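Please treat every number below as a calculation from the coordinates, not as lab data. None of these values were measured; they are calculated from a predicted model. All Cβ positions, even for glycine, are placed from backbone atoms using ideal geometry, and neighbour counts span all protein chains on display.
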Amino acid sequence: MSSDAIGRLKAWALCGALAACVPAGASAAVFVCRTAGGGTVTSDYLSSDCLQYGGKQLNPDGSVRRRILTAQQQQQQQAQLDREQAQRERLLREQRQQRALLGRYPDEATLRGAENDDLHSVQALIDAARQRLKVLARERAHLEQDAQFYPSGNYPEGLRSRMRMNQSQRVQEQQLIRQQQEQIRDIGQRYAALRQRLQPLWARAAQAAGR
């Protein structure tokens, strides 16, 4: 007979003996604890071996009442519980975000309308900047006509100042246009990502409505 089987027989025998010694209705505690050498020891109290190497507490009928974990096993168990809790919280956050997205964009038409509104606002800034560039171009043409009276390039300070201002404003408007064009690209990417997230949500919502 194996040592494990012998150990179980001893544990059951001890359980029977302890059960016979306690009053009716009382519950005897039986502990089967591992030892440093890899064996097991059965006792009626929680020994240091159980706390250090682990074991189990038995019911009087020999069934397992609870597992006794080592400190390392307790840490591992707690880490697993923490991971499971974090996973549950992440799923709850995702569900809340999905409900919020569906509330804001219940269908493709609503999403497309929001995208068009954002694009329209940016495009309006670009159009305004292009109009200002046309005005600055006409102003520049007049300044160049005035500059023809000074072929040596020795312009009066007033003319020179207006030319510098005109050039600076043109650069600013051109930069604004480039920035808004980048914004248009960003808006397109953002709504493409939103659409990708919403499509399966729309499909599930439509399927649920169909039921």
inquiry  = Given axes a ≥ b ≥ c from the Cα gyration tensor, I'd like to know whether segment 110-211 is rounded (a/c under 1.5), prolate (a/b larger than b/c) or oblate.
reply    = prolate
query = Going by how many other Cβ atoms sit within 10 Å of their own, how do Lys134, Lys56 line up, fewest first?
reply = Lys134, Lys56
message = What do you get for the angle between helix 157-210 and the principal long axis of the chain? Use alpha-carbon atoms, 0 to 90 degrees, nearest ten.
response = 40 degrees
ask   = From the residues Leu46, Ser168, Leu81, which one has its Cα farthest along the dipole of the chain in the positive direction, the dipole being from +1 and -1 charges on Cβ of Lys/Arg and Asp/Glu about the Cα centre?
value = Ser168
note = With R₀ set to 35 angstrom, the calculated FRET efficiency between the beta-carbons of Gln87 and Ala109, to the nearest 0.05, is 0.50
request  = Could I get the Rg over Rh figure for the chain? Both from C-alpha atoms, Rh via Kirkwood, rounded to two places.
outcome  = 1.54
